[in-house]
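Below: one structure, written as structure tokens.
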Amino acid sequence: MPLAHYLAQGGKLTSPENVPPRYRGELLRLMSSFVDSELAGSAGFADAINWAPGIKERIAASRITLEKADHAGRVLDLMEGFGTDKARYEQAHDWAARGPRDQQIGLRRQGGDMRLSVFHYPLTGWADAVVMNVLMGMATLHALDELARCSYQPLAEVLRDILPRERRHMELGVEGLEWIGASDEARASVAYWLPRVAETFGPTRSDRFERLKALGLRHSDNETLRQNWQAETGALLTRLKLN
């Protein structure tokens, strides 16, 4: 059976040895984006540990910082099988680097790494970090649920293991947001981060999505994922009186 037909019927690939070049390129790009975003997210959230208003919040911020770095390491281990030098990769970029708060990045990649554009914007304090963690955490769950069904079985298995911890990160953020309450600061952060997180789902129409779908690496299109996220966040923000 031709590989395209095999993948279209839900077939799985299980090792670097049976991955053809075009599939390999798209798979590595997906994994790099995840690894870079987790490393950047971990590095950027580290400052929130010292912004935390209490011990419980400090522990939560520390856990998120640690586990996101661990998630990056797990996927980077898979990339080693394709020839990636893990030690060099980890040191390739300044993962804590951020640009000006008022810059407009859109969908453009910045600085040579593959992190999502939202991770180039700086956090400004505890409330801002909590809001970003909640909104981006919800987006991450939709994205990982999509990729956990991908046709490269080793990646799908790792992401299924990661998903519960990413869900807990988001839940810890919701607990923090409930404690902060409907303050003007929190509302301002919601207004700032909502459009920037929405951009992480990618363009509404995407030729690349069609290529990934044909390879079994994606299933739901960008706009479907974005609308599902918007419905979920809208319900939460309404409950917390933050929209």
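Some points to look at:
- Test: Q110 is modelled with pLDDT under 95, touching a His at 6+ places or on another chain (Cβ under 9 Å) and not small (G, A, S): yes
- Counting only residues that are in contact with a Phe, Trp or Tyr (Cβ under 9 Å, 6 or more places away or on another chain) and not hydroxyl-bearing (S, T, Y), region 163-202 holds 8 of them.
- Scanning region 161-193 for residues that are modelled with pLDDT of 95 or more and over 17 Å from A129 (Cβ atoms) turns up D161, I162, L163, P164, R165, R167.
- Residue within region 104-116 that is out of contact with any Gly (no Cβ under 9 Å at 6 or more places or on another chain) and farther than 18 Å from S33 by Cα present: yes
Residues checked against (1) over 17 Å from the mean Cα position of the chain (by Cα); (2) under 30 Å from L194 (Cα atoms):
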| position | (1), (2) |
| --- | --- |
| G11 | yes, no |
| S33 | no, yes |
| S37 | no, yes |
| K68 | no, yes |
| R74 | no, yes |
| T84 | yes, no |
| D102 | yes, yes |
| Q110 | no, yes |
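- Candidates are the residues of region 28-56 that are open to solvent by 40 Å² or more (accessible area, probe 1.4 Å) and part of a helix (DSSP H, G or I); the one that is nearest to K86 (Cα to Cα) is R29.
- Residue that is most open to solvent (accessible area, probe 1.4 Å) [pool: residues in region 125-143 that are touching a residue at least 40 places away in the same chain (Cβ under 8 Å) and of a type outside the set (A, V, I, L, M, F, W, C)]: H142
- Hits in region 84-124 - residues which are at positive phi and touching a residue at least 24 places away in the same chain (Cβ under 8 Å): G106
- Among the residues of region 156-177, those identified as in contact with a helix residue (DSSP H, G or I) (Cβ under 9 Å, 6 or more places away or on another chain) and not hydrophobic (A, V, I, L, M, F, W, C) are R160, D161, R165, E166, R167, R168, H169, E171, G173, E175, G176.
- Output for region 77-118, where each listed residue is of a type outside the set (A, V, I, L, M), closer than 20 Å to L159 by Cα, in contact with a Ser or Thr (Cβ under 8 Å, 6 or more places away or on another chain) and buried (at least 16 other Cβ atoms within 10 Å of the Cβ): R115
- Residue match in region 65-72 (condition: free of Cβ contacts under 8 Å to residues at least 60 places away in the same chain, more than 26 Å from A148 (Cβ to Cβ), among the β-branched types (V, I, T) and surrounded by 14 or more Cβ atoms within 10 Å (Cβ to Cβ)): no
The values are calculated or read from the model by the stated rules, or taken from the named source; none is laboratory data. Model, not experiment: these values are computed from the prediction. So basically every Cβ, Gly included, is an ideal-geometry build from the backbone, and we count neighbours across all protein chains shown. Keep in mind that these areas ignore ligands, DNA and RNA; they rest on the heavy atoms of the full protein, side chains included. Shrake-Rupley method; radii C 1.70, N 1.55, O 1.52, S 1.80 Å.
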